[in-house]
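Only one structure is covered here, and it is reproduced in the block below.
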Amino acid sequence: MGLKETIEDRAKEYLLASATVIDGHGVPRREDVLFGQEAQKSWSVVMYVDLGEIMVSFAGQANLLLSKVHKSFFYTASECIKSEKGDFRNFNVENILAFFTGHDSAKRAVRSAMKIKCAIATIVNPLLKQQTGKECDFGIGVGQGEIIVAKSGMPEDERYQDLLFMGLPVFHAFEFGMKARSPYNIWISRHVFDSIKDEDALVRSQGQDRWVFNEEHQFPFGQGDVYKTTHYLSLYL
């Protein structure tokens, strides 16, 4: 069978065959999802951490320095996410994707984001500025709701298969994180804000609101309401 026929057969299989969506529990790992016409749906809070600005800022520096900056940022973010029981599912040169499920998932996700900002602002950036004269800028987006998870890649080889995370919460987190920058490093959706607004430490500081509301931001997926903050939380909380 030639290349044209092979691709045509696969395209028909993927695009024309019926697909099955099953209820999932939590956020699946690669081994939990079958390759083929099956996907899982579940409810989750999604966090997207965008490191693109860091890559741009240090692109002209030695590659070794860039790797040091990336490792420092990734370790910082990962420890803050783990401290609030978040789960990683993807990371690369320019982003980190994490999920929070279960009790108080939105509050834990936002606490994690505000801890990341604290650690970068008070630990990483002072060290980095002392050495290079530059600081890390970044964006964190948080959305929540139903997500769909499927497996894509080469059907014959598990080494070239990975999970796809889809749904509005993922798109919200991704677009928010891409747009967020200092001093408003953290953007969350209206649904996330509604889930955290009863926790005073997350929404107010000394009687003042921590969050700024921006109505009807325009994104590729359409219009969306966004809450932004310049604040962070102590790492001791």
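The values are calculated or read from the model by the stated rules, or taken from the named source; none is laboratory data. Model, not experiment: these values are computed from the prediction. Here the Cβ positions follow ideal geometry from the backbone for every residue, glycine too, while neighbour counts run over all protein chains shown.
So if I check each of Glu84, Glu79, Glu53, Glu31, which one is closer than 30 Å to Ala11 by Cβ, out of contact with any Leu (no Cβ under 8 Å at 6 or more places or on another chain) and among the charged types (D, E, K, R)? Spell out the reasoning first.
Numbers: Glu84 fails: closer than 30 Å to Ala11 by Cβ; Glu79 fails: closer than 30 Å to Ala11 by Cβ; Glu53 fails: closer than 30 Å to Ala11 by Cβ.
It is Glu31.
Only one of the numbered conditions (1) touching a residue at least 40 places away in the same chain (Cβ under 8 Å); (2) closer than 25 Å to Ala201 by Cβ; (3) part of a helix (DSSP H, G or I) is not met by Leu128, and that is (2).
Pick out the one residue from Ile120, Ile140 that is surrounded by 14 or more Cβ atoms within 10 Å (Cβ to Cβ) and either touching a Cys at 6+ places or on another chain (Cβ under 6 Å) or part of a loop (DSSP other than H, G, I, E, B) (or both). Reasoning before the result, please.
Working: Ile140 fails: either touching a Cys at 6+ places or on another chain (Cβ under 6 Å) or part of a loop (DSSP other than H, G, I, E, B) (or both).
Exactly one of Ile120, Ile140 is surrounded by 14 or more Cβ atoms within 10 Å (Cβ to Cβ) and either touching a Cys at 6+ places or on another chain (Cβ under 6 Å) or part of a loop (DSSP other than H, G, I, E, B) (or both), namely Ile120.
Output yes when any residue across the range 68-77 is free of Cβ contacts under 8 Å to residues at least 12 places away in the same chain and not in a helix (DSSP H, G or I), and no when none is. Quick ask: steps written out before the conclusion?
Here is the first cut: in the range 68-77, the residues free of Cβ contacts under 8 Å to residues at least 12 places away in the same chain are 68, 71, 75.
When the remaining residues are screened for being not in a helix (DSSP H, G or I), the result is none.
Scanning the range 68-77 turns up no residue that is free of Cβ contacts under 8 Å to residues at least 12 places away in the same chain and not in a helix (DSSP H, G or I).
Among the conditions (1) in contact (Cβ under 8 Å) with a residue 24 or more places away in the chain; (2) touching a helix residue (DSSP H, G or I) at 6+ places or on another chain (Cβ under 9 Å), the only one that Met1 does not satisfy is (1).
Please tell me if Lys228 is surrounded by 12 or more Cβ atoms within 10 Å (Cβ to Cβ) and under 16 Å from the mean Cα position of the chain (by Cα).
Numbers: surrounded by 12 or more Cβ atoms within 10 Å (Cβ to Cβ): yes; under 16 Å from the mean Cα position of the chain (by Cα): yes.
Taking the combined requirement at face value, the residue satisfies it.
When Ser57 is tested against (1) touching a Cys at 6+ places or on another chain (Cβ under 8 Å); (2) under 30 Å from Asp157 (Cβ atoms), just one condition goes unmet, and that condition is (2). Of everything listed in (1) touching a Pro at 6+ places or on another chain (Cβ under 9 Å); (2) within 22 Å of Glu79 (Cβ to Cβ), the single unmet condition for Leu127 is (1). Within the range 1-56, restricting attention to residues that are among the acidic types (Asp, Glu) and out of contact with any Ser or Thr (no Cβ under 8 Å at 6 or more places or on another chain), the residue that is nearest to Phe74 (Cα to Cα) is Asp50.
Here's the yes/no breakdown for (1) farther than 27 Å from Gly24 by Cβ; (2) crowded, with 20+ Cβ neighbours inside 10 Å:
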| position | (1), (2) |
| --- | --- |
| Lys129 | yes, no |
| Gly145 | no, no |
| Trp187 | no, yes |
| Asp194 | no, no |
| Phe213 | yes, no |
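Which is part of a helix (DSSP H, G or I), in contact (Cβ under 8 Å) with a residue 12 or more places away in the chain and among the β-branched types (Val, Ile, Thr), of Val170, Val149? Result of the check over Val170, Val149: Val170.
Going by the conditions given, is Glu156 in contact (Cβ under 8 Å) with a residue 24 or more places away in the chain and surrounded by fewer than 18 Cβ atoms within 10 Å (Cβ to Cβ)? Full working, then the answer.
Values: in contact (Cβ under 8 Å) with a residue 24 or more places away in the chain: no; surrounded by fewer than 18 Cβ atoms within 10 Å (Cβ to Cβ): yes.
Considered against the rule, which asks whether it is in contact (Cβ under 8 Å) with a residue 24 or more places away in the chain and surrounded by fewer than 18 Cβ atoms within 10 Å (Cβ to Cβ), Glu156 comes out as no.
Cβ-Cβ contacts under 6 Å between residues 6 or more apart (or on different chains), taken from a first residue in the range 87-107 that is farther than 21 Å from Ile54 by Cα and assigned to a strand (DSSP E or B) to a second residue that is of a type in the set (S, T, N, Q) and at pLDDT 95 or above, are listed as Phe99/Ser44.
Only residues that are under 27 Å from Arg111 (Cβ atoms), assigned to a loop (DSSP other than H, G, I, E, B) and at pLDDT below 80 were counted in the range 25-65, giving 1. Sort out which residues of the range 83-117 are surrounded by fewer than 17 Cβ atoms within 10 Å (Cβ to Cβ), polar (S, T, N, Q) and closer than 21 Å to Tyr232 by Cβ, and write them in order of number. Once the filter is applied, which keeps residues that are surrounded by fewer than 17 Cβ atoms within 10 Å (Cβ to Cβ), polar (S, T, N, Q) and closer than 21 Å to Tyr232 by Cβ, the range 83-117 yields only Ser83.
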